[in-house]
Amino acid sequence: MPAGRRAEPDYAQPVDHWPAPVARGPVNGSVTVPGSKSLTNRALILAALATGPSRIYKPLAARDTQLMRAALGVLGARITKDPTGDWVVEPGPFDRSGRIDCGLAGTVMRFVPAIAGLADGDIAFDGDPQARVRPMSTMITALRDAGIIVEDGDRGTLPFTVRGRGSVSGGAIEVDASASSQFISAVLLAGARYERGIQVRHVGRQSVPSGPHITMTVRMLQERGVDVSVGPESWSVAPGAIRPLDITIEPDLSNAAPYLAAALVTGGGVCISGWPDQTTQPGAQLTELFAQMGATTSRQVDTGLTGTSALTLTGPDRLEGLIADLHEVGELTPVIAACCALANSPSRLTGIGHLRGHETDRLAALATEINALGGKVEVLADGLAIEPAPLHGGIFHTYDDHRLATAAAVIGLCVEGVLVENIDTTSKTLPDFATTWSRLVDAERDNRHA
């Protein structure tokens, strides 16, 4: 159990455990993945800061994005849903005080305070109990350096209050973003509205993780007419207007991971529609990583859609381990580790020490839960070493972490009797995951008996 990040379960209280469906043969099927959380929440923020209304097509409607909608509504933006399910965002005057619930959403607790300084009022931030142990001191220091007043009782965590004064000076700041790229993206997203813009330099001894997410932020700013410059470990946003923009949200490629993994570990074939031909999403690297484990992929042009493909991943007869640096794509680690635990050769996943500061300490959690099922996982200074071992059933605790829950589901395909604690935590980014997952596995059974 990761120390200090989650209390021991209260076994005296009833707990719902989801029996992970077992695949009795290769899993084959097609899945439509909901929209990208990262793109949706960035689009919401930029639309709320823009000079006019914007429309967001095919947004992700999940807990993290609903928390972002509510947070921006507290600040004064007006976000409505039309009959098609698309969202219309009208920028607000940001002229009020209020309270924001961050839940367990890193994008809310880190991105929204950077724009709350533009509000004319006090904005209080809090979240789930687990959110109160997520590192925020770096973010709070960066906000203060940019001229934002933050009162946190010297805790460096939630809860805290941003005392907005209607404007933010901005200027040059230094940030150690070794623990999260979100520290950089937060001030970049808001920087064009600061009086002097924002110039950020990373000063950590380790490089910034999850670089594709910063690239995503930069590109979305540039698409809206914002002047952004990128240098070695530095980024600069000039002050200026943010142009409104209608945008269609891509499927969340990181959330495609468990579905593609279903094909990988069972030797089946799973198709994901709407896979973008060009993207800044880190999940696009799944195809290369799973190829190293023996998978093959093919693409077919989506009918009626430009710039996307129907991507099919086919699993191998023998699942090989993986030696990979996941520094750029750390959010993929839980599902990849689950696949490695089922592989026939050793794996070593490195460059992911920063995962200790995510929804939970993901390295400790993965090792604890996989080892409880008979696995052989060792926590390294910056990653995991995984040896092949016969697994057995048991309870897989999720630590209220959506990616731990999907990792458990992948293991459950090949191991009888895996019981997933709190599968509903997947609603953070994957609404109705349990239903979609069960249908995919049931389709394999139906095809086998047809």
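Multiply the residue gap between Ala291 and Asp246 by 0.36 nm, knock off their C-alpha separation, and tell me the result in nm, one decimal place. Intermediate values should be presented prior to the final figure.
Details: separation 45, 0.36 × 45 = 16.20 nm, distance 3.52 nm.
Full extension from Ala291 to Asp246 adds 12.7 nm.
Just to check I understand the Karplus step: with θ = phi - 60° and J = 6.51 cos²θ - 1.76 cosθ + 1.60, what whole-Hz values come out for the range 245-260, glycine and proline as x?
8, 7, 9, 9, 7, 6, x, 7, 5, 5, 7, 6, 3, x, 5, 5
Quick check: pseudo-label points 7 Å beyond the Cα along Cα→Cβ at Asp82 and Arg219, how many nm apart are they?
2.5
Looking at the chain, send over the antiparallel percent of its DSSP beta bridges, to the nearest 5. The partial results should precede the final answer.
Numbers: 45 of 66 bridges.
Restricted to the chain, the bridges split so that about 70 percent are antiparallel.
Can you give the angle from 0 to 90° between the axis of helix 63-75 and the longest principal axis of the chain, with both taken from C-alpha atoms, to the nearest 10?
10
Taking the mean number of other Cβ atoms within 10 Å as a proxy for protection, how do you rank 263-275, 394-406, 24-36 from highest to lowest? Walk me through the numbers before you get to the answer.
Working: 263-275: 22.9, 394-406: 25.0, 24-36: 19.5.
Per-residue Cβ counts within 10 Å, averaged per peptide and sorted highest first, yield 394-406, 263-275, 24-36.
How would you rank 321-334, 150-163, highest first, on the average number of other Cβ atoms within 10 Å across their residues?
Working: 321-334: 21.7, 150-163: 16.2.
By packing density, highest mean first, the sequence is 321-334, 150-163.
Beta carbons within 10 angstrom, averaged per residue: use that to sort the peptides 70-81, 196-207, 350-361, highest first. Each step should come with its number before you reach the end.
Numbers: 70-81: 19.2, 196-207: 17.2, 350-361: 22.2.
Order by mean packing, descending: 350-361, 70-81, 196-207.
Which value in nm describes the separation of the simple spin-label points at Asp325 and Asp128, placed 7 Å from the Cα toward the beta carbon?
About 3.2 nm, to one decimal.
Step through the residues of the range 122-138 one at a time and calculate ³J(HN,Hα) from phi using the Karplus curve (6.51 cos²θ - 1.76 cosθ + 1.60, θ = phi - 60°), rounding each to whole Hz and writing x for Gly and Pro.
Couplings: 8, 10, 8, 10, 8, x, 4, x, 5, 5, 6, 10, 6, x, 10, 4, 4 Hz.
By how many nm would the segment from Asp154 to Asp424 grow when fully extended, if each residue of separation counts as 0.36 nm and the alpha-carbon distance is taken off?
Details: separation 270, 0.36 × 270 = 97.20 nm, distance 3.38 nm.
Roughly 93.8 nm would be gained on extension.
What is the antiparallel percent of DSSP beta bridges lying wholly in the range 37-248, to the nearest 5?
Numbers: 22 of 33 bridges.
Close to 65 percent.
Per the Kirkwood formula on distinct C-alpha pairs, the Rh of the range 37-248 is how many angstrom?
Numbers: mean 1/r = 0.0598 Å⁻¹.
Kirkwood hydrodynamic radius for the range 37-248: 16.7 Å.
When the Cα centres of the range 300-363 and the range 82-130 are compared, how far apart do they sit, in Å?
If you average the Cα positions of each part, the centres end up 31 Å apart.
Pop the C-beta distance of Ser97 and Asp302 into the FRET formula with R0 = 41 Å and round what comes out to the nearest 0.05. Write down the numbers at each step before the final one.
Working: r = 46 Å, r/R0 = 1.13.
About 0.30, to the nearest 0.05.
Scan (1) 5, 22, 34, 25, 10, 3, 1, 0; (2) 5, 21, 31, 25, 14, 3, 0; (3) 4, 18, 25, 22, 17, 10, 4, 1, 0 for the value of P(r) over Cα pairs in 10 Å bins from 0, in percent calculated from this model and give just the label.
The value computed from this structure is option (2).
Let me have the relative contact order for the chain, percent, based on Cα pairs under 8 Å that are six or more residues apart.
Values: 1095 pairs, mean separation 81.3, N = 450.
Reported relative contact order: 18 percent.
Counting only pairs 8 or more places apart or on different chains, how many lysine pairs in the chain have C-alpha atoms closer than 22 Å?
Working: Lys37/Lys58; Lys37/Lys81; Lys37/Lys428; Lys58/Lys81; Lys58/Lys428; Lys81/Lys428.
For the chain, the number of qualifying lysine pairs is 6.
Relative to a virtual label point 7 Å from the Cα of Ser345 in the Cα→beta-carbon direction, which members of the range 285-299 show backbone nitrogen distances below 16 Å?
Answer for the range 285-299: 289-296.
Report relative contact order for the range 37-248 in percent, whole number only (criteria: Cα-Cα under 8 Å, sequence separation at least 6). List each step's numbers first, then the result.
Working: 501 pairs, mean separation 42.3, N = 212.
Relative contact order for the range 37-248 comes out at 20 percent.
A short reminder: the numbers here are calculations on the coordinates, not readings from a lab. This is a predicted model, so every value here is computed, not measured. Positions of Cβ are generated from backbone atoms using ideal geometry, with glycine treated the same way; all protein chains shown enter the neighbour counts.
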